[in-house]
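Just below is one structure, and these are the notes that go with it.
The values are calculated or read from the model by the stated rules, or taken from the named source; none is laboratory data. Worth saying up front: this structure is predicted, and the values here are computed from it rather than measured. With ideal geometry, Cβ positions are generated from the backbone for all residues, glycine too; neighbour counts draw on all protein chains shown.
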Amino acid sequence: MASVSEIGQHWVDELFHISEEPPDFLKQSSDIIENILAHHGVKGQKWGVRTRVGDTALGGLGLTTPGGRARSAARAKSAGNVIVRDKGKKLKTSGGAGHPAHSDAVRARTSGQIAKKSGLKALSDTQLREFNNRLNLEQQAKRLTFNDASPPKRFALTLLGQTGKQQASETANAVVSKQVKKVLASG
């Protein structure tokens, strides 16, 4: 006697004409689907994120156009170089990225860290003078580069600075008035 599952399987086979070997059109379509669904790209890479030439899964065989290869080579060659062009009223500069911190800056920051953790008395006169000079030079350079910024950027930076000062002032006034009211109410 046949079991219920065997009878059910027989009816499913009869209904859908299922046999052990799939029909030819299914074989062909599965080959087509496998070819279409082949994986292209780097596993785990997000959509729209490009990798540098040489960072591909193909062992450094990045597929780029000849123009892209030329731009990449030019970028690599001038990575640390500063390029200055005369554009009428102003000089335009580019490049200069990738330079390490200068030894003077490292020495000044080391002195600053010693002063922060151990106090200014832990520094010699020379170390303190170098640290002070470095901080002054950095502040002057920031002020000068702020003036070189475009007018819209200067406006935005000034507006943000003024808004921050205004908010801090309002907050401080609210806290002080609250404390004064508390003292007057208790006294």
A149 is checked against (1) out of contact with any strand residue (DSSP E or B) (no Cβ under 7 Å at 6 or more places or on another chain); (2) hydrophobic (A, V, I, L, M, F, W, C); (3) surrounded by fewer than 10 Cβ atoms within 10 Å (Cβ to Cβ) and fails just one. What number does that condition carry?
(3)
Here is a list of conditions, (1) farther than 30 Å from T158 by Cα; (2) touching a helix residue (DSSP H, G or I) at 6+ places or on another chain (Cβ under 8 Å), and A108 meets all of them except one; can you say which number that is?
(1)
Do you know which of the residues in the stretch 74-94 that are surrounded by 10 or more Cβ atoms within 10 Å (Cβ to Cβ) and assigned to a helix (DSSP H, G or I) is modelled with the lowest pLDDT?
A76
